[in-house]
Every structure is written in structure tokens, then in C-alpha cells.
Amino acid sequence: MMRRRKKDTHLPRCVHLKHGKYYYVKGGKWTPLAKDLPAALEAYARLLQPKGKMDGLIDRVIADAEDRVKPNTLKQYRQVATTIKTAFCEFSPAQVKPEHIFQFLDYHRKTPNMANRMRTVLRMTFTHAVKAGMCQNNPVDAIPRFKEKRRDRYITDAEYLAIWKAGSPALRAIMDVAYATGQRIGDVLAIKIRDISKDGIAFTQEKTGKKLRVNSEMVQAAAKSARAVHPRNVIPTYLLGQRNGKIRSYRGVRDLFDRAVLKAGVEDAHLHDIRAKAITDAKRQRLDPKALAGHTTEAQTVAYIRDRETEEVTGPILDSK
């Protein structure tokens with residue numbers, strides 16, 4: 001008969017902490033796992049066949065979210081779900097405590113955006129578990145979100161041109177259309193030839209569902225240059241698509257951009273910084289950055305503004321007696 005554990009009751013069966021390291025103990029044999037709990041749980045999962053119910057529960061929650069979230073968000077949920085299932089596959093929902101959630105998320109705190117996505121998926125999972133009677137409380141509620149640091153990088157005109165010159169013709173076209181329209185890279189890559197007219201480029205933003213049309217002399221010139229990248233004997237579906245007619249992947253474009261950044265000698269430049277530059281420049285040029293971004297609130301737009309200029313204001317005057 002197995003003795004009841006008197007300490008470290010939060011650990012899975014047969015997992016013990018000794019001298020600052022976790023071990024899997026079976027038949028008198030101590031198998032080392034790792035020094036930190038999340039890594040130890042992953043190693044533990046690899047040793048045994050999954051016996052908990054978390055895997056199936058997470059899969060069901062992700063499947064239920066398909067009709068409620070945007071495709072890009074769903075893709076992110078699926079990515080983090082893989083890591084979560086590896087760490088918690090030996091647990092049943094009732095076994096997971098707030099300290100487990102904290103230790104798991106704290107292990108990923110160096111990437112707060114990713115850690116917060118993991119928290120979201122875990123919270124959705126345990127909300128469902130509570131409703132289904134699989135556990136009494138949601139252990140994620142006690143764990144706050146990580147503070148996501150706002151990016152404040154502004155790419156100057158000189159840096160933009162240096163990256164542009166170092167890039168391939170395809171990347172140059174993508175950069176120009178992205179800057180001229182101020183839209184997200186995913187929406188830019190999805191532009192079809194039929195979306196372009198003398199009135200500009202029509203968008204339905206994937207993230208928000210917002211419909212807008214962006215037009216300017218630069219937009220028309222960028223679209224014309226992008227078309228010229230395609231072979232003459234090919235009628236493309238996508239303005240910025242591949243030679244085989246398929247849409248370009250975000251990862252492929254990011255790699256093109258990163259190589260151009262390295263070649264240009266520009267430091268700390270990300271593909272998403274092009275949208276921030278476009279929105280910031282629109283504000284500086286007395287245009288409407290909120291409308292260009294397709295935002296519904298000023299707060300959403302402020303997150304993209306990289307304006308470090310000192311604003312000149314006039315102070316009050318005290319009437320003399």
C-alpha cells in the first residue's frame with residue numbers, strides 16, 4: 001500500500017523534490033528530471049503515457065473557440081496549447097492548483113506576450129472545467145497577467161531606406177505597400193488584385209473585421225510597383241503573392257525582412273515597426289492616424305504612435321491686479 005505524501009502535495013505522483021532538484025521515483029530508482037518545476041513536468045510527461053484529462057479538455061476548448069475568435073488568434077491559441085498540454089498532461093483538472101499555474105507561467109515570463117496567451121488558454125480551459133464539474137474553482141483567476149512592455153521603436157526614414165535597398169524586389173514591394181496603407185502585415189499580404197481600384201486598396205481587417213479603403217498617390221504607386229514584380233506571363237491573384245500564385249506566408253516575409261535588416265546594419269528593427277512608422281508619420285503630417293489604423297478608440301492608436309517630439313504648448317497668463 002502506497003503511503004500518503006506528507007509534503008510537496010502539489011507534485012504529481014512519484015515526483016519528489018530533493019536537494020533543489022526534481023526526481024521521478026519508482027521501484028527505489030531516482031530518475032532526475034530538472035531543477036525547475038515546469039521543466040520537470042515536461043520531463044515527467046515524456047517518461048509516462050498521458051493519464052490525465054487535460055489534453056482532451058484543452059483540445060475541446062480550442063475547438064469550441066473556432067467560431068468565436070479570429071483565425072490568427074486561434075492559430076496562436078493552438079501554438080501555446082501544445083506547450084501547455086506537454087506540461088500538464090499528467091494532471092487532471094482537479095489536481096491543478098494556483099501554484100502550478102504560477103510556476104508554469106513564471107517560467108515563461110521572459111516572453112510576457114506569449115505567457116499571457118498561455119494564461120488565456122488556461123483560463124478558458126478551467127472555466128469550462130468548472131462548468132463541467134471537473135473542478136470547483138478556476139486556479140488561473142488568482143494569477144495576474146504579465147505587464148506587456150510597449151514597444152517604442154521608431155524606424156527613421158534613413159533606416160527604412162537602408163533596409164529597403166538591402167531587400168529583394170519582392171520585399172521592397174511589400175514594404176512600400178505596408179507603409180503606404182498602414183495596415184497589418186497579414187492584411188497587406190492578403191491583398192488581391194480585385195481589391196485595387198482607382199479609389200485605392202480595399203481592406204477587411206482580419207483582426208477587427210473593419211472595412212476601409214486606403215488611397216493616396218503613394219498607395220497607387222506602390223500597387224503599380226508591386227504588380228511589376230510579377231512575371232509578365234502570369235496573372236496574379238494576390239498583389240504581393242509568390243510566383244506560383246499562392247499567398248506569401250508571414251514567416252517567409254519576416255525572414256526576408258530580417259535578412260535585409262542585418263545586411264543594412266540597422267539594429268532592433270521588426271517587420272511590425274513598418275505599421276507603427278506609417279501611423280506615426282500620418283500623425284506628424286496632420287492626417288488621421290486613427291482612421292488609417294482602422295481603430296475604434298484613440299487608446300488603440302496611441303499604442304502605435306512612436307512620436308518622441310517635444311510638443312510646444314502655451315501656458316496660462318495671470319491677469320495683473
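The values are calculated or read from the model by the stated rules, or taken from the named source; none is laboratory data. Note that the structure is predicted; figures quoted are calculated from it, not measured. Quick reminder, even Gly has a Cβ in these numbers, built from the backbone with ideal geometry, and neighbours come from all protein chains shown. Side chains are part of the model used for accessible areas, which takes the heavy atoms of the whole protein and leaves out ligands, DNA and RNA. Shrake-Rupley method; radii C 1.70, N 1.55, O 1.52, S 1.80 Å.
Among GLY167, GLY28, GLY133, determine the one that fluctuates most according to a GNM of the chain built with springs between C-alpha atoms less than 10 Å apart.
Comparing GLY167, GLY28, GLY133 in the GNM, the peak value goes to GLY28.
Find, among the trypsin sites (Lys or Arg not before Pro) in the range 133-171, those assigned to loop by DSSP (not H, G, I, E, B) with at most 11 other beta-carbon atoms within 10 angstrom.
On the way: sites: ARG145, LYS147, LYS149, ARG150, ARG151, ARG153, LYS165; in loops: ARG145, LYS147, LYS149, ARG150, ARG151, ARG153.
Filter output for the range 133-171: LYS147, LYS149, ARG150.
Among VAL130, ALA142, GLY56, which residue has its Cα furthest toward the positive end of the charge dipole of the chain, with +1 on Lys/Arg Cβ and -1 on Asp/Glu Cβ?
GLY56
Which aspartates and glutamates have a Cα lying under 12 Å from the Cα of LYS21, excluding residues fewer than 8 positions away in the same chain?
ASP36
So how much slack lies between VAL234 and VAL69, counting 0.36 nm per residue of separation and subtracting their Cα-Cα distance, in nm? Please report the intermediate quantities before stating the final value.
On the way: separation 165, 0.36 × 165 = 59.40 nm, distance 3.54 nm.
Contour length minus Cα-Cα distance gives 55.9 nm.
Could you estimate the translational diffusion coefficient of the range 101-155 from the Stokes-Einstein equation, with Rh from the Kirkwood formula over C-alpha pairs, at 4 °C and 1.567 mPa s, in whole µm²/s? Mind dumping the intermediate values first?
Numbers: Rh = 12.4 Å.
In µm²/s, the coefficient is 105.
For the range 17-124, which trypsin sites (Lys or Arg not before Pro) are both in a DSSP coil and crowded by at most 14 other Cβ atoms within 10 Å?
Details: sites: LYS18, LYS21, LYS26, LYS29, LYS35, ARG46, LYS51, LYS53, ARG60, ARG68, LYS75, ARG78, LYS85, ARG109, LYS110, ARG117, ARG119, ARG123; in loops: LYS35, LYS51, LYS53, ARG68, ARG109, LYS110.
Sparse-neighbourhood loop trypsin sites (Lys or Arg not before Pro): LYS35, LYS51, ARG68, ARG109, LYS110.
Dipole of the chain, Cα-centred, from +1 at each Lys and Arg C-beta and -1 at each Asp and Glu C-beta, to the nearest 20 debye? List each step's numbers first, then the result.
Details: 62 positive and 35 negative charges, 310 e Å.
Here the chain has a charge dipole of around 1480 debye.
Once the other residues with Cβ under 12 Å from the Cβ of PHE203 are scored (Lys, Arg +1; Asp, Glu -1), what is the net sum?
Details: positive: ARG184, LYS192, LYS207, LYS210, LYS211, ARG213; negative: ASP187, ASP195, GLU206.
Overall, the nearby charge balance is +3.
Put +1 on the Cβ of each Lys and Arg and -1 on the Cβ of each Asp and Glu in the chain; which of ALA228, LEU171, ALA43 then has its Cα farthest toward the positive end of the dipole?
Result: ALA43, furthest along the dipole toward the positive end.
Hey, if we sort THR120, THR181 by accessible area with the 1.4 Å probe, largest down, what's the order?
THR120, THR181
Rank LEU287, LEU239, LEU41 by mean-square fluctuation in a GNM of the chain with C-alpha springs under 10 angstrom and give only the top-ranked residue.
LEU287
How high is the FRET efficiency between ILE193 and ASN137 when r is their beta carbon distance and R₀ equals 56 Å, given to the nearest 0.05?
Numbers: r = 54 Å, r/R0 = 0.96.
Efficiency at R0 = 56 Å is approximately 0.55.
Note the angle between two axes, namely the Cα long axis of helix 169-181 and the longest principal axis of the Cα atoms of the chain, as a number of degrees from 0 to 90, rounded to the nearest 10.
80
Normalised by the empirical 2.2 N^0.38 Å for globular proteins, what value does the Cα Rg of the range 190-232 take?
Values: Rg = 11.2 Å, N = 43, 2.2 N^0.38 = 9.2 Å.
So the Cα radius of gyration is 1.22 times the expected 2.2 N^0.38 Å.
By how many degrees, 0 to 90 and rounded to 10, does the Cα axis of helix 112-131 deviate from the longest principal axis of the chain?
Once rounded, one gets 50 degrees.
Looking at this model, which pairs from LYS211/LYS277; LYS207/LYS290; LYS97/LYS149; LYS53/LYS85; LYS149/LYS263 are more than 18 angstrom apart at the alpha-carbon?
Numbers: LYS211/LYS277 21 Å; LYS207/LYS290 15 Å; LYS97/LYS149 28 Å; LYS53/LYS85 10 Å; LYS149/LYS263 28 Å.
Flagged as over cut-off: LYS211/LYS277; LYS97/LYS149; LYS149/LYS263.
Compute the long axis of helix 98-107 from its Cα atoms, compare it with the longest principal axis of the Cα atoms of the chain, and write down the angle in degrees, 0 to 90, nearest 10.
Helix 98-107 and the main axis of the chain meet at about 50 degrees.
Hey, what's the Kirkwood Rh for the chain if you take every pair of different alpha carbons, in angstrom? Mind dumping the intermediate values first?
On the way: mean 1/r = 0.0426 Å⁻¹.
One decimal place: 23.5 Å for the Kirkwood radius.
Counting helices only, and only those DSSP H runs with n ≥ 4, report the 222 nm mean residue ellipticity of the chain as the sum of -39,500 (n - 2.57) divided by its residues, in deg cm²/dmol to the nearest 500. Please report the intermediate quantities before stating the final value.
Values: 13 runs with 148 residues, N = 321.
Counting only the DSSP helices, I get -14000 deg cm²/dmol.
Pop out the ³J(HN,Hα) list for the range 13-29 in order, Karplus 6.51 cos²θ - 1.76 cosθ + 1.60 with θ = phi - 60°, rounded to Hz; leave Gly and Pro as x.
Going residue by residue, I get 4, 6, 9, 10, 9, 9, 6, x, 9, 8, 10, 9, 10, 8, x, x, 9 Hz, with x marking Gly and Pro.
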